[in-house]
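*Asks:* Below you will find the structure I want to go over with you.
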Amino acid sequence: MLVVVLAASIALLAGFAAGRVRVRRSPSRRDAHSRLAAEAFPNGALLLFDRRLRHTFAAGRGLRTIGMTAREIEGRTVREAFSTEVWTVLEPAYRAALEGRESAFELPHGDRDHLHRVVPVRDRSGSIVAGMLVAQDITDRKTREHRLKEWASRDGLTGVWNRDRLVQELDRFLTEGRRRDDRAGSLLFVDLDGFKAVNDSRGHAAGDELLRQVAREIEMGVRSTDTVARLGGDEFAVLLPGAAAAQAERVAGKITAAVAAVWPSGLTGGASVGVTVLEPGDRTALDVLAAADRAMYAVKRSRRFRRAS
């Protein structure tokens, strides 16, 4: 429906600009109908401009989200009507439209995001007689898309990031490290020891609650800039940007103690935490995860040896 209304509005305004709307009405009546067309779609604004880049028409409910009125735009050039950060983007698009080229791009106005489409307006002979800007407020849509993307990146049980998001963050971190050749950091791999016994003796609800508690304890023990993720089952990982081996080992010790503190009474268990230091190189995120996994199993074997002895 929106596309149909928008197309009709554009057609009417284009005809108005090119002198194609040939009806027996006074200019003021014709202008009123053009404004009604511009008001027909929500959160949209339509602007016409001439070859001097001067706005000859402005209407639409979307003008409110831009933070301007038609009176503040009509009769003014793009440089006069808009702030520097806006007109420096619009002006090249306006000139391109007057040369016959269309463009589409996102541009913020204040705290609102807008999708802009700038197109040429032609008369019946095909000559370009004006240009037109259609701006649509897409802030709410982008907010929804961001939320959906974030939800898709979260572990449904614990609320921390999931494995896919951790791999993305690791890839980004490693790419920046290769580019700058100075990006240090560490990755922790956390595996819960004795978790199966919790499920078997206390039930899966108790196991799920323990996983949520562990996730909270890990988040409380690291910085807000660190990335905490649940890899699946009873495995977690923590990306520590800028942390060298000594700092990462201290964080691993804090996590081990925190997990022990929330472990169900009467049951043996805890966490084995492996540490791998990230250095500039050609390793992928999966390579780093595998290295951290091996480090974790080395810790687990060491703990079993100490208990046995």
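*Asks:* In the neighborhood of L115, defined by Cβ-to-Cβ distances under 13 Å, what is the net charge if each Lys or Arg adds +1 and each Asp or Glu adds -1?
*Replies:* -1
*Asks:* I would also like to ask the following. For the pair A205/R64, report the inter-label distance in nm, with labels modelled 7 Å from Cα in the Cβ direction.
*Replies:* Result: 4.9 nm between the two label points.
*Asks:* Please compute the length gained on full extension between R163 and A246, using 0.36 nm multiplied by the number of residues separating them and subtracting their Cα-Cα distance.
*Replies:* Here the answer is 27.3 nm.
*Asks:* For R122 and A261, calculate 0.36 nm times their separation in residues minus their Cα-Cα distance, and state this gained length in nm to one decimal.
*Replies:* That works out to 42.7 nm of additional length.
*Asks:* OK, next. Calculate the spin-label point distance for R54 paired with S224, positioning each point 7 Å from the Cα along the beta-carbon direction, and give it in nanometres.
*Replies:* For the pair S224/R54, the computed spacing is 5.1 nm.
The numbers here are math on the coordinates, done by the rules we state, and not lab data. Just so you know, these numbers come straight off a predicted model, no measurement behind them. Glycine also receives a Cβ, built like all others from the backbone with ideal geometry; neighbour counts cover every protein chain displayed.
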